Amino acid sequence: MALPPDPTGGRPVPSPVPAHPSLRVAVLGCGVVGTEVVRLLTTQAADLASRVGAPLELVGVAVRDVETERDAVVDRALLTADAEALVERADVVVEVMGGIEPARSLLLRAIAGGASVVTANKALLAQDGPTLYAAADEAGVDVYFEAAVAGAIPIVRPVRESLAGDRVTRVLGIVNGTTNYVLDKMASEGLDLDQAVKEAQALGYAEADPTADVEGYDAAAKAAILASLAFHTRVSIEDVSREGITSLTADDVLWAQRTGYVLKLLAIAERGTADGVEGVQVRVHPALVPVSHPLANVRGAYNAVFVEAEAAGELMFYGRGAGGEPTASAVLGDVVSVARHRVLGGKGPIESRYAELPVLPAAAARTRYQVRLEVADRPGVLAQVSTVLASHDVSIEAVRQTPVTETPDADYARLVITTHAAPEHALRSTVEAITGLDVVRRVVSVLRVEGA
């Protein structure tokens, strides 16, 4: 008996969206990221409804000034300056306004009203995330924040969920696209720092005031979030040792290349010990990365996070770390997740802080240094410098000495010393002692070496 013809022609038929009431979504902020979030909610409404199991209804967009000109994708009828009233009638609140206040108060109001929260606000999470987590746990709602760390790169969920059965030992990453772009331009085109920053500003990678990026505050906030997730311990931005890139010169970048390294601003969170006590050490600073390391090849405004775990080994997450579209992609992924929980029941992971490891001081970190010196050009200089290092229990991995050729009558030479790993406090005291030697004309630069 012949079968009746297949009316679909063999093509899969999408499942109908279950009959579930619409979920009301409120967006706080309508800058670059907020506009892209609105665009995705509007243009992908049907797909999002199928993924969630219910329509997502955009009920409003909170802004400071409703009269400001906006992208045409934003329906002006949705704009409101009354953010408090907006969050009280939402099921899901998306916060992309930034800053600490009024973002914190608005999110706490939303949570108290039973709304789930999606935020890209790394500064708020790094400073006062536990307050939001506790409120959400009490209210039985979600707080998701994938977009707060590295734009479109999925890193929060892998660390928080995929590696929940493993023991993370180290997180090493480029988490600020602006500084990576600046350092890349300094290396590839020989620009000085100010020139590279101006170029980043012209392209929209850096703000008019680039302080948060170039001084490392943005990276420090992200480092605090990643450390909290990876080590099940509360880490705030105040716990992060921070140095920016403003002291770096074109000469530093050039010498990095000559010695087989690339300069990067790194966020580092790792397990360590101090005085026999195990804890967590979190820091942000410029570092020399060997050209053979995967992070050395992260160019332009891209980000990458390198995770080391006992069972999984080494993992690397790479992609666009900033910008409206990448960040909005991460935001919408979280919106789908929290909305599904509201449709199907259940709740996402809560804050995990069972380990309560102490945060170790920066001086407890074990690292390597590359020290560039100008020294007297005569026999015995290297022996004197080596003696100082040995007296501080710091061993030398490599030494490079070169004459000063651009100044014919120069009576000094350049000395580049790379050390083996040692406690940072020992390396700092070593550099101080070297500076005091009569044969040392000046210490040109001191840079950490990571990833070797």
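The values are calculated or read from the model by the stated rules, or taken from the named source; none is laboratory data. Keep in mind the model is a prediction, meaning the values are calculated, not measured. Every residue, glycine as well, gets a Cβ built from its backbone with ideal geometry; the counts of neighbours run over all protein chains shown. Ligands, DNA and RNA are excluded from the accessible area calculation, which covers all protein heavy atoms including side chains. Shrake-Rupley method; radii C 1.70, N 1.55, O 1.52, S 1.80 Å.
Tabulated results
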read-out: For the chain, calculated [θ]222 nm from helices alone, where every DSSP H run of n ≥ 4 adds -39500 (n - 2.57); value: -10000 deg cm²/dmol
read-out: Stretch in the chain that is longest and holds no GluC sites (Glu not before Pro) that DSSP places in a loop and that have at most 11 other beta carbons within 10 Å; value: 70-309
read-out: Using θ = phi - 60° and Karplus 6.51 cos²θ - 1.76 cosθ + 1.60, couplings along the stretch 415-426 (whole Hz; Gly, Pro as x); value: 10, 10, 10, 10, 9, 7, 5, 7, x, 4, 5, 5
read-out: FRET E, pair Arg89, Ala426, Förster distance 60 Å, beta-carbon r, rounded to 0.05; value: 0.55
read-out: Asp192 accessible area, assembled protein chains, probe 1.4 Å, Å²; value: 70 Å²
read-out: Accessible surface, the chain, averaged per residue in Å² (probe 1.4 Å); value: 45 Å²
read-out: Distance between modelled label sites at Thr249 and Met316, nm, 7 Å Cα→Cβ extension; value: 3.2 nm
read-out: Under 5 Å, built H, 5+ apart or other chain: amide partners of Arg441; value: Glu374, Val375, Ala376
read-out: Among Val74, Val63, Pro154 - extreme Cα towards positive end, dipole of the chain, charges at beta-carbon; value: Pro154
read-out: Assigned charges on the beta-carbon of Lys, Arg, Asp, Glu; the chain dipole about Cα centre (debye); value: 840 debye
read-out: Long-range HN-HN contacts of Val449 with modeled amide H, under 5 Å; value: Leu288, Arg368, Tyr369, Gln370
read-out: Low-density loop positions, trypsin sites (Lys or Arg not before Pro), the stretch 36-82 - DSSP coil, at most 15 other Cβ in 10 Å; value: Arg64
read-out: Full-stretch length increase - Glu67, Val444 - with 0.36 nm per residue and alpha-carbon distance subtracted; value: 130.4 nm
read-out: Computed lengthening from Ala376 to Asp393, 0.36 nm per intervening residue step minus Cα-Cα distance; value: 3.7 nm
read-out: Surface accessible to a 1.4 Å probe, Ile396 within the full protein complex, Å²; value: 50 Å²
read-out: Carbon/sulfur fraction of accessible area - the chain, other protein chains in place, 1.4 Å, %; value: 51 percent
